[in-house]
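Chemist: The structure under discussion is supplied below as structure tokens; questions concerning it will follow.
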Amino acid sequence: MIRHVVLFRFEDSFTPSIEHDWRAGLDGLVGHVPGLRSLSVGRDLSGQARSWDCTIVADFDTAADVAGYAGHPLHTPLIALSSPHTRQIASVDFDVPEPATTHAEQRKGRVHGKIAIVTGGSGDLGSACVRLLAREGAVVVSLDVTPPAEPWHEPGITSLELDITDPEQVERAVARVLETVGVPDILVNAAGIIGRAAPSHESTLAEFDRIFNVNVKGTWLMTKYVVPAMIAASRGSIVNFSSIHGITGGRSVPLYHATKGAVRLLTKSDAATYGEHGIRVNSIHPGSMNTRMSRTAADMSAVGPEAYYRQLVEGNPLRRQGEPDEIAYGVLYLASDESRFSTGSELVIDGGYTAV
Ligand SMILES: NC(=O)c1ccc[n+]([C@@H]2O[C@H](COP(=O)([O-])OP(=O)(O)OC[C@H]3O[C@@H](n4cnc5c(N)ncnc54)[C@H](O)[C@@H]3O)[C@@H](O)[C@H]2O)c1
């Protein structure tokens with residue numbers, strides 16, 4: 001491995017916004033420059049001053065890759081972007097012996113270095129997403145109207161309390177994430193409620209407003225306030241929680257089905273609009289999961305919880321309920337670059353329920 005170390009001097013004030021663009025540009029080089037394994041800034045640039053010295057340390061597979069990097073089209077504009085008064089002072093290459101690492105040490109997470117917001121992060125499915133995204137290398141901000149039931153054990157997780165139906169709270173929370181953590185690469189809209197079981201003619205106006213406010217307006221508000229920063233960064237992956245009940249109808253919770261159908265089509269419409277900005281929007285459709293929400297649905301069912309489960313599971317090709325991690329892995333796929341050609345799509349994870 002060749003370690004390429006460059007010393008720059010910035011002879012102008014280096015503002016936080018220049019630093020942000022500059023760091024984002026540097027991050028973008030990994031994956032685009034052949035042979036570039038990793039790249040880091042060698043000293044902290046935060047603060048204000050007239051002159052800065054800064055090292056960039058980049059690890060390459062071979063010496064030929066280093067030469068390719070210097071001639072790479074992204075290289076020069078990046079340096080110029082920082083300031084018209086930027087000078088390269090020195091550059092040195094070391095031949096670094098390959099460290100003896102295990103496979104586990106070499107493996108980077110599937111969303112390594114990304115920033116994720118997850119709403120409903122205190123819930124059963126949302127918390128499984130928060131944990132898995134963090135385990136796979138993302139910095140995660142969990143947003144929920146209730147605090148998490150227990151402290152997070154994984155590193156890199158912050159919790160913020162907010163009500164996603166309140167535009168001011170959403171705007172403030174997103175601004176705080178932008179200031180303190182950075183531009184989100186990932187937005188997972190998992191917050192949702194199921195509401196009371198009642199046919200349409202027996203549901204109340206208050207119930208209608210409440211469930212549409214949380215499930216539809218909340219998802220839209222989060223999108224509304226997160227998307228401008230994603231557009232500016234020309235990247236993003238939004239995963240909206242619909243349900244199998246956003247695809248099929250059902251007798252017990254018609255308003256819930258209506259909200260999940262709305263989320264499904266908001267997803268496709270936003271995918272159509274934001275694709276040109278590099279933002280992907282997909283929906284996830286869990287079937288019956290082993291969660292509090294599904295236990296509530298069973299308890300509310302007109303046929304009683306036992307018959308409700310029997311109906312669900314007997315009709316299911318896989319003959320069981322799903323576990324939260326089985327949804328979180330779907331979210332991880334849609335959130336990560338592995339799904340980079342998927343947008344406007346719906347990922348059904350339901351044990352085959354909607355297939356038969
Ligand atoms: N559990 C299932 O079987 C199932 C099936 C299909 C789809 N879903 C969907 O998956 C998502 C997560 O479901 P879950 O099972 O984890 O439910 P859950 O009740 O465990 O979690 C939902 C979370 O949303 C939060 N929330 C509710 N209203 C909010 C608001 N106004 N502002 C901020 N946060 C709010 C709650 O506090 C809770 O922590 C929901 O959108 C749900 O509709 C669940």
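Chemist: At 222 nm, what helix-only mean residue ellipticity would the chain give, in deg cm²/dmol to the nearest 500, using -39500 (n - 2.57) for each DSSP H run of four or more?
Modeler: -11500 deg cm²/dmol
Chemist: Could you please state how large a percent of the accessible area of the chain is carbon and sulfur, counting protein chains only and using a 1.4 Å probe?
Modeler: Answer for the chain is 55 percent, counting heavy atoms of protein chains only.
Chemist: Any idea of Ile231's accessible area? Nearest 10 Å², probe 1.4 Å.
Modeler: Counting only protein heavy atoms, the figure is 60 Å².
Chemist: Beta carbons within 10 angstrom, averaged per residue: use that to sort the peptides 314-324, 190-200, 248-258, highest first.
Modeler: Going from most to least packed, we get 190-200, 248-258, 314-324.
Chemist: Mean-square fluctuation check for the chain, GNM, Cα pairs under 10 Å: which of Val313, Val183, Val281 is largest?
Modeler: Taking springs between Cα atoms under 10 Å, the residue moving most is Val313.
Chemist: Scan segment 254-291 for trypsin sites (Lys or Arg not before Pro) in coil per DSSP, keeping those whose Cβ has at most 13 other Cβ atoms within 10 Å, and list them by number.
Modeler: When the trypsin sites (Lys or Arg not before Pro) of segment 254-291 are filtered for loop state and at most 13 Cβ neighbours within 10 Å, nothing remains.
Chemist: Which loop chymotrypsin sites (Phe, Trp or Tyr not before Pro) in segment 138-242, with loop taken from DSSP, have no more than 11 other Cβ atoms within 10 angstrom of their Cβ?
Modeler: none
The values are calculated or read from the model by the stated rules, or taken from the named source; none is laboratory data. It should be emphasised that the depicted structure is a prediction, and the values quoted were computed from it without experimental measurement. Every residue, glycine as well, gets a Cβ built from its backbone with ideal geometry; the counts of neighbours run over all protein chains shown. To get the accessible areas, we keep the full protein, side chains included, count just its heavy atoms, and leave off ligands, DNA and RNA. Shrake-Rupley method; radii C 1.70, N 1.55, O 1.52, S 1.80 Å.
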